[in-house]
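Worksheet: the structure to be examined is printed underneath.
The numbers here are math on the coordinates, done by the rules we state, and not lab data. The structure displayed is predicted, hence computed values, not measured ones. Positions of Cβ are backbone-derived with ideal geometry, glycine not excepted, and every protein chain shown enters the neighbour counts.
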Amino acid sequence: MTTMKSEVVDGFRAALRGPVLLPGDPDYDAARMVWNAMIERRPALIARCCGTADVMTALSFARMHGLPLAVRGGGHNIAGNAVCDDGLVIDLSLMRSVHVDPEARLATAEGGALLSDLDHETQAFGLAVPLGINSTTGVAGLTLGGGFGWLSRAYGLAVDNLVGAEIVTADGQLRRIGPRQEPDLFWAIRGGGGNYGVVTRFEYALHEVGPVVSAGLVVFPATEGREVMRRYRDLAGTLPDEVSIWAVLRKAPPLPFLPPEVHGSDMVALALCSPLPLEAVEPFVDMVRGFGTVLGEHVGPMPYTAWQKAFDPLLAPGARNYWKSHNFTQLSDDALDVVLRYAASVPSPHCEIFLALIGGRANEPAPDATAYPHRDIQFAMNVHGRWTEAADDARCMAWAREFFAAAAPHAAGSVYINFLTQDEGSRIREAYGGNYDRLVAVKQRYDPDNLFCFNHNIRPDS
Ligand SMILES: Cc1cc2nc3c(=O)[nH]c(=O)nc-3n(C[C@H](O)[C@H](O)[C@H](O)COP(=O)(O)OP(=O)(O)OC[C@H]3O[C@@H](n4cnc5c(N)ncnc54)[C@H](O)[C@@H]3O)c2cc1C
C-alpha cells in the first residue's frame, strides 16, 4: 500500500471541494466496493470529486505522485475497472446532476450520473435518451462503451445520441468536444471507453418517449423453449424498429403474476418494450402469446421510469458475477439449441442468459461512424454467471466458460466492450474490429503515457 506523508494528504484534501477517503476512514470500505462483489481492491486514496476543478486537481495529483489512476462512474463494470489497488480513484459518485432543455431537446449529465438520474429528469418532459436496462448503471461507462437498451432499435445507441462532451485529458486540460471540436477525440469516446480522459459532462439529443410506454413480460415453461425461441427469433426479424423484445432464460423469480408453483422452475421470458401506444403493440404481444403455454404475463401501459427499473431486483449489487458474451448476426437453430442446453444446467438460481435484440436504427450508422463498430449485429447474448458464495466461484465460472465455448462456432466473432470481464483483455481488438487502429492513433495523441489504463485498455504503443 502506498504510504504518503500526512501533510501531502492534508494538502490534497484542502485542494478539493469533495472528501478524500483513506483506508480506515469510515466511508472507505463502502466507497471501494463496486457492483461485482468478486472485485476486492484497496486504493490508497479515493477522491470524491464535486466538480471539474476537483477532477483536474486529482488528476494532476496522481501524475505528480506517480499513482495508478482509476475513474469511477456508476461502478457497474463487470471487470471492476472503476477501482485500482494502491492508487488513486477519481470517484464521480457525487457528480450526478442532470439538466434538461426541453425546447432544444437536449440534456446534459455529469460524469457520475446513473441511468435513473437521467431518466428521471428527462421523463419530466416526456423525453428520453436510449440507455440500458438496469437503472443503477452509470451513464458514463455505458455511453463510453456504446450503450444499448429498450429504445435503441427506435433511436440508436446512447453514443448515436451524444452531441457533445467535456473531458479532462491526461495533460490536465478540460476540452469541450463535439462533431466539430476535436472530432477525433469525440469519435474515440463514442465506444472507446475510459481510455481518453475523465468525461465530466455528456450532452445528449432527446426523443419524445412516454412518460407511459407499452411494456412487460410473457413467461413460458423451458420445456417449450425450443419452439418459443425459434418463433421468437423469426418474429424478431420482422418487428418494426419501435418494438423491442428480448429473451431471458433463467429460474423463474417469485414474480407476483406467476403462480407459486412456477417459482424456481426453468422459464423463458420474453420482455417487451415500445414507445408506441398499447393498441399498436398488441398484435405483436398476441403473436408472442401464441408461441406456447403462457405461465403468466404482465404487459400493459406503464411509466417508462418504472420499466427501466423492472430488472433492478434481479441485478442488484453485492453478488459475485462472471459474464461471457457473444454477438450474433443471426441466431441459427443450432445456436438456440446450445442456449437451451446451458439454460437447463445453470449452476445457481441467480444465473441467467439475456438475448438482447438490437438492430433497427442502432444498425444504421456506418461501422466507422463511431468507435463502437458493431452495426451488423442483431442479438447480443450475455451469459450472466451470478451467485453468492466464493466457494461456488470455480463451478459457476466453468459453466459460463463452457457455454461460451459451445456457442462460439455460431456467433459473429465480435463482442460488446462493456460486457468483457477482467480476464478477457485478449478480446479488446475483437471488440473494436476495424476501428482499433484509429483508436490507438487517438490514444497516442491524447494519452501517450497511458495514464488512463484501468479500463479495457487501448495501449498507445499497440
Ligand atoms: C446489471 C448490469 C446491467 C447492464 N445492462 C446494460 C445494458 O442494458 N446496456 C448496455 O449497453 N450495457 C449494460 N451494462 C454494461 C454497462 O454499460 C457497463 O458495465 C458500464 O461500463 C457501466 O458503467 P459505469 O459508469 O457504471 O461503470 P464504472 O465501473 O464506473 O466504469 C466503467 C469504465 O468506464 C470508465 N469511466 C467511468 N466513468 C467515467 C467517466 N466519467 N469518464 C471516463 N471514464 C469513465 C471507468 O474507468 C471504467 O473503465 C450493464 C451492466 C450491469 C452490471
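Quick check, is residue 234 over 30 Å from residue 93 (Cβ atoms) and not aliphatic (A, V, I, L, M)? Yes: the conditions hold for residue 234. Looking for whichever is of a type in the set (A, V, I, L, M), crowded, with 20+ Cβ neighbours inside 10 Å and in contact (Cβ under 8 Å) with a residue 40 or more places away in the chain here; the options are 390, 406, 400, 412. Which one fits? On inspection, the qualifying residue turns out to be 400.
Checking each residue in region 333-350 for being within 25 Å of residue 409 (Cβ to Cβ) and surrounded by 14 or more Cβ atoms within 10 Å (Cβ to Cβ) picks out 335, 336, 337, 338, 339, 340, 342, 343, 346, 347.
Among residues of region 63-82 that are free of Cβ contacts under 8 Å to residues at least 12 places away in the same chain, none has a Cβ under 6 angstrom from a residue that is within 6 Å of the ligand (Cβ to nearest atom) and in a loop (DSSP other than H, G, I, E, B) at a sequence gap of 6+ or on a separate chain.
Test residue 242 against the stated conditions and say whether it is among the acidic types (Asp, Glu) and buried (at least 17 other Cβ atoms within 10 Å of the Cβ).
Details: among the acidic types (Asp, Glu): yes; buried (at least 17 other Cβ atoms within 10 Å of the Cβ): yes.
Criteria met by residue 242.
Being exposed (fewer than 13 other Cβ atoms within 10 Å of the Cβ), touching a residue at least 24 places away in the same chain (Cβ under 8 Å) and at negative phi is true of residue 17.
When residues in region 225-281 are screened for being within 21 Å of residue 350 (Cα to Cα), not hydrophobic (A, V, I, L, M, F, W, C) and not in a strand (DSSP E or B), 10 of them pass. Looking only at residues of region 134-151 that are out of contact with any Leu (no Cβ under 7 Å at 6 or more places or on another chain) and more than 19 Å from residue 193 (Cα to Cα), we find that the one that is nearest to the ligand (Cβ to nearest atom) is 150.
Inside region 329-362, residues that are within 14 Å of residue 379 (Cβ to Cβ) and within 16 Å of the ligand (Cβ to nearest atom) make up a count of 9. Considering 85, 54, 101, 91, the condition of being closer than 25 Å to residue 39 by Cβ and free of Cβ contacts under 8 Å to residues at least 40 places away in the same chain is satisfied by 54 alone.
Among the residues of region 190-214, the ones that are surrounded by fewer than 22 Cβ atoms within 10 Å (Cβ to Cβ) and either free of Cβ contacts under 8 Å to residues at least 24 places away in the same chain or in a strand (DSSP E or B) (or both) come to 6 in all.
Across region 279-325, the number of residues qualifying as more than 19 Å from residue 115 (Cα to Cα), within 28 Å of the chain's Cα centre (by Cα) and either surrounded by 15 or more Cβ atoms within 10 Å (Cβ to Cβ) or among the basic types (Lys, Arg) (or both) comes to 14.
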